[in-house]
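Inspection log for the structure reproduced underneath, given as structure tokens.
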Amino acid sequence: MGEPIEIEVKGNLSSDDFIRHAVYHQRSVVPAGFSFVFLMTFVLLIMSDSVSGSTYEVLGISLGTSFVFGALIAGTLRMAIKRQAYRQYYREGMNTKKMAYVFNEDGFTQYVADNEAPVDWREVTLIREREELFQLYLGKEQIAILPKHFFQNDADIKTFRSLIVKVMPADKQLIQLYQGSD
């Protein structure tokens, strides 16, 4: 058996980190909104006979108009997600709270401000690695956000990945190696 693994990371969660997490977390909303508006606009334009001309002209105008409306909705949804995350970040006072985590094979302890919350690995439903951060899902409503800049160096990130692979079932981990992180 190898040595027990323990990793300590700490830092301040920036608004950019939190917004990045929100965009990742709600990544399906924007394409779904685009698709819905695109299809509804296209069907309504075709069925309403409001566009006249040859079949190709009607299809071209309908597709173009549908694309423009879909893109407007997608952009609006993306801005709304970012704005909501920005407001939540400041409303919950995350800009003033220092965060620290201590990870080991039994679980991890999350320190936020003066609060200490031990978490067993069985409580973690999914761990997802993104290019800039790790997302540790603790049930449906709770997420621990762990930006990679909290780690002291790349070796700590590799050690964290190996700890996750060791303690979590494969179906609960979405760990990826990003270029530049090796």
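The values are calculated or read from the model by the stated rules, or taken from the named source; none is laboratory data. This structure is a prediction, so every number in the text was calculated from the model and none was measured. All Cβ positions, glycine included, derive from the backbone under ideal geometry; neighbour counts span all protein chains shown.
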**Request:** Pick out the one residue from Thr65, Thr55 that is loosely packed, with under 14 Cβ neighbours inside 10 Å, over 17 Å from the mean Cα position of the chain (by Cα) and on the phi < 0 side of the Ramachandran plot.
**Result:** Thr55
**Item:** So Tyr111, is it in a strand (DSSP E or B) and within 17 Å of the chain's Cα centre (by Cα)
**Value:** no
**Item:** Residue selected from the stretch 8-34 under the condition at pLDDT 90 or above and out of contact with any Gly (no Cβ under 7 Å at 6 or more places or on another chain), by the criterion farthest from Leu63 (Cα to Cα)
**Value:** Glu8
**Asked** Within the stretch 1-40, can you find the residues that are more than 29 Å from Val167 (Cα to Cα) and of a type outside the set (S, T, N, Q)?
**Response** Asp16, Val29, Val30, Pro31, Ala32, Gly33, Phe34, Phe36, Val37, Phe38, Leu39, Met40
**Request:** Within the stretch 86-142, track down each residue that is surrounded by 14 or more Cβ atoms within 10 Å (Cβ to Cβ) and aromatic (Phe, Trp, Tyr).
**Result:** Tyr86, Tyr89, Tyr101, Phe103, Phe108, Tyr111, Trp121, Phe134, Tyr137
